[in-house]
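All remarks here apply to the structure that follows.
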Amino acid sequence: MGSDSAGNLSGRNISNAKYRMIFIGLVVLAVGVFFASLAIGRYNIPFFDSVLILLAQIFPIEPTWTQTMEAVIFNLRLPRTIAAVLIGGGLALSGAAYQSMFKNPLVSPDLLGVSSGACVGASLAILYSMGPVVIQILAFIGGIVAVSITVAVPRLMHNSSTLMLVLSGVIVGGLMSSIMGIIKYVADADTALAEMVYWAMGSLSNVKMVDLYYIAPCILLSGFVLVLFRYRLNVLSLGEDEAKTLGVDVRKVRGIIIVCATLLTASAVCLAGTIGWVGLVIPHLGRMIVGPDNRKLLPVAVVLGAIFMVVIDITARSLTSAELPLSIITGLIGAPFYFYLLIRQRMSIT
Amino acid sequence: MMKKSLLILVSLFLILTISVAGCIDVSQPAANRTITDMNGVDVVIPAEINTVVNLWPASNSVMLCMGAGDKLIGTTSFTQKLYWSQKVYPGIVDVPVATDNVEELLVLSPDLIITPQTATAEKLCEAGLPAVCLMFSDYETMKQAFTILGEAFGGEYVEKAAKWSDLVDENTARVQAAVGNIPEDEKPVVYYIQGQSNQGLYATFSANSIMEDWTEIGGGIFASTLLNLSGSTASAEDVLALNPDIVIIGGPYQHELYEELMAADEWKEINAVKNGQVYTNPNGLFPWERFGMESAMQILFAASVIHPDLFEVDMVSEVQDFYKEFVGIDLTKEEAQNMINGYGPNGEDYT
């Protein structure tokens, strides 16, 4: 286990040259998907026109398109595509960080209760008709409270096994869903409830540029810190004693990682509600490609998560004239995929 | 010793239960007539209905509109908050908010309980409470439901219910005479935004809703019908691609949503905005475009905004006549205009 830098999280390490190639390939793919997302949608904009509309931002081109086309791309598709990139990347990153820190392949923002805690916080704010800033603050507090309880239970039991953490996650998840139930029960069926259901299922349809202005910095900043800490994450997973001898302040680093990963998840919840599976499945996919070394895994997980989320959002808004909630699609794809990963990796979950 | 006291306790409990069971009076309260509710269930109710618990905002508004607000001894918080409820029946703020809790309702013991849910009506009837299921979602079911309500209350209310059914038919005929001959391909597309809460510009109603009914009577094509929409949220891009000719925004958040739509770049070149045909919907005891008695006037209002050139109507005097006839109060021109503009009687805004 000492040589395996992420505990029992399997996957083979790859050479730096190969990693660089994979990473660049993924970034190119991500850029491609990003522009595809601007060009695809139910409002029919000829592909050539959408390219021109984008180019017209930089070069002076005489418009051959309508103002509506331009507005559809910049007011409807651009904000939700940026949001999808931030949320997908953020959830995958926080999932990868949690998994490696808890040395536990089952951990994800969902299992730790962060998502449901954040959802409870956000719903409380909606119930009292608070503004978006308060919604985000309460979502963050809800997330932190939930993850603290989940982590505290195994400590109280003096049992740090995977099973204990999973069990604790189930307890917190159950508690949060009950609280969610109370809030929904109290909420006005015609008004607040509809908004909460929207939060609980996840959707990007109401994301506007203004929402991004104050949530994007949160996601970028905490994501940046996590990526900076990727080497320390490796050290942490060697065990406390070894980390200390390598000069890492274990408690401080742990605290910073938990705060950042929770902030990421809570910000994602603020933008689009709870979206399951991304934080669990994408890090595994990343490990399958570049191995468990966090120095390579974290950047790859961010890009993979972004690609995944953008593709999911394109599907959600293009399939039918009624938008599909994101969690439905991520669940339909994520659950079978996770099963496939389990078989493929023959993960020993103890 | 423990065992003995336990035995005494258990036998005491048993004796008590048996004697209580024997005491319960399972017969109906003094009742001498039955009415049949929307599900065809016969419900026994007292000869005279003086106290009503109403669990649904829409039918609360109907009672207030019939001038039967003083019968309410249990209402909904939504009903209490509406400025027009308070105008029509000021006592509404003192009526307690009721729930479907059987024991609380047994304590209240009203002459009639009104609920929109079959399961709730069944549950309450089993407990011996006079509960009727009164659900309505379009003009036909409203005619039925109001007739049942009229029968239950008796007297002038029977006439009011009949008058209301006639009014719907009359207004439909009036509108049809003006716009009935428009060929299908010349009918404008009407998009409706539901502003019960502010869920953005793409919260609407499904095809086959009452919105489809008044749009079609008024000589328009309902956007959700074209989109085959079964849910209540439309895809933004689909709506824009339809290029609606008319937009009608309803509910308490209509003014906020109106501002948002007029400021949005993606709407600037849409027909409705270009031609100045974005409207807020009248909102009185209930949003007219949804249900309630005022929905009879929605037929006129919708036609007047869908085909302003073909159908002209003085909505202010329509509202005044309607309120005099059904509610029994005189509204000033200003108050009527405030309702048409979606505000409270004195111009209060809901947001």
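Averaged over the residues of peptide A:75-86, the number of Cβ atoms from other protein chains lying within 10 Å of each residue's Cβ is 1.
So which aspartates and glutamates pass the test for A:Lys252, namely a Cα distance under 14 Å, with those fewer than 8 places away in the same chain ruled out? Here the aspartates and glutamates satisfying the reach criterion relative to A:Lys252 are A:Glu240.
Between A:Ala152, A:Ala83, A:Ala96, which gets the highest mean-square fluctuation from a Gaussian network model of chain A, Cα cutoff 10 Å? Of the options given, A:Ala152 has the highest mean-square fluctuation. Averaged over peptide A:41-47, the number of partner chain Cβ atoms lying within 10 Å of each residue's Cβ comes to 4. Just tell me which lysines come within less than 25 Å, Cα to Cα, of B:Lys81; anything on the same chain fewer than 8 places away is out. Output for B:Lys81: A:Lys184, B:Lys71, B:Lys324, B:Lys333. Scanning chain B for DSSP H helices at least 24 Å long along the axis (C-alpha atoms) with a Kyte-Doolittle mean no lower than 1.6 picks out B:2-23. Across the options B:Val190, B:Gly180, B:Gly150, the greatest Cα extent toward the positive end of the charge dipole of segment B:123-199 (unit charges at beta carbon of Lys, Arg, Asp, Glu) belongs to B:Gly150. FRET efficiency for the B:Ser109 to B:Glu325 pair, using the beta carbon distance and R₀ = 22 Å, is estimated at 0.10.
From the alpha carbon centroid of segment A:85-161 to that of segment B:268-317 is 47 Å. Computed from label points 7 Å out along Cα-Cβ, the spacing between A:Tyr128 and A:Leu220 is 3.1 nm. Hey, with R₀ at 60 Å, roughly what FRET efficiency would A:Met288 and B:Glu312 work out to, going by the Cβ-Cβ distance, to 0.05? The computed FRET efficiency comes out at 0.30.
Loop sites here are GluC sites (Glu not before Pro) outside DSSP states H, G, I, E and B with no more than 13 other Cβ atoms within 10 Å. The longest part of chain B free of them is B:49-311.
Taken along the Cα-to-beta-carbon direction at a fixed 7 Å, the label points for A:Glu240 and A:Leu228 span 2.6 nm. Label zone (A:Arg20, point 7 Å along Cα-to-C-beta; backbone nitrogen cut-off 16 Å) within segment A:288-323: A:296.
Along segment B:270-279 the Karplus relation, 6.51 cos²θ - 1.76 cosθ + 1.60 evaluated at θ = phi - 60°, assigns HN-Hα couplings of 6, 3, 4, 6, 4, 8, x, 10, 10, 10 Hz to successive residues, with x for each Gly and Pro.
Here the extension length gained between B:Thr99 and B:Ala263 equals 54.9 nm, from 0.36 nm per residue of separation less the Cα-Cα distance.
Under a 5 Å amide H cut-off, with hydrogens placed 1.01 Å from N, B:Thr233 pairs with B:Thr204 among residues at least 5 apart or on other chains. Inter-part distance, segment B:118-142 to segment A:243-279, computed on C-alpha centroids, equals 51 Å. Scanning chain A for DSSP H helices at least 24 Å long along the axis (C-alpha atoms) with a Kyte-Doolittle mean no lower than -0.5 picks out A:16-39, A:78-101, A:132-156, A:162-186, A:209-228, A:250-272, A:294-318, A:326-345.
Of the residues A:Ser148, A:Ser115, A:Ser327, the one that moves most in a GNM of chain A with alpha-carbon contacts below 10 Å is A:Ser148. When you restrict to C-alpha pairs under 8 Å that are six or more residues apart and normalise by the size of segment A:77-345, the relative contact order lands at 34 percent. Please check: in the Gaussian network model of chain B (C-alpha springs, under 10 Å), which one of B:Pro183, B:Pro110, B:Pro252 has the largest mean-square fluctuation. The residue that fluctuates most here is B:Pro183.
From other protein chains only, count the Cβ atoms within 10 Å of every residue's Cβ in A:301-307, then give the mean.
Working: counts 0, 0, 0, 0, 0, 0, 0.
Average neighbour count from other chains, rounded to a whole number: 0.
Within straight cross-link reach of B:Lys123, meaning Cα distance under 18 Å, which aspartates and glutamates are found once same-chain residues fewer than 8 apart are removed? B:Lys123 reaches B:Asp37, B:Asp42, B:Asp100, B:Glu103, B:Glu104, B:Asp111.
Binning all Cα-Cα separations of chain A at 20 Å, short to long from zero, yields these whole-percent fractions: 30, 56, 13, 0.
Read-outs: derived from the displayed coordinates by stated rules, not from any lab. Since we're looking at a predicted model, the values are computed, not measured. Virtual Cβ from ideal backbone geometry, glycine too; neighbours counted across all protein chains shown.
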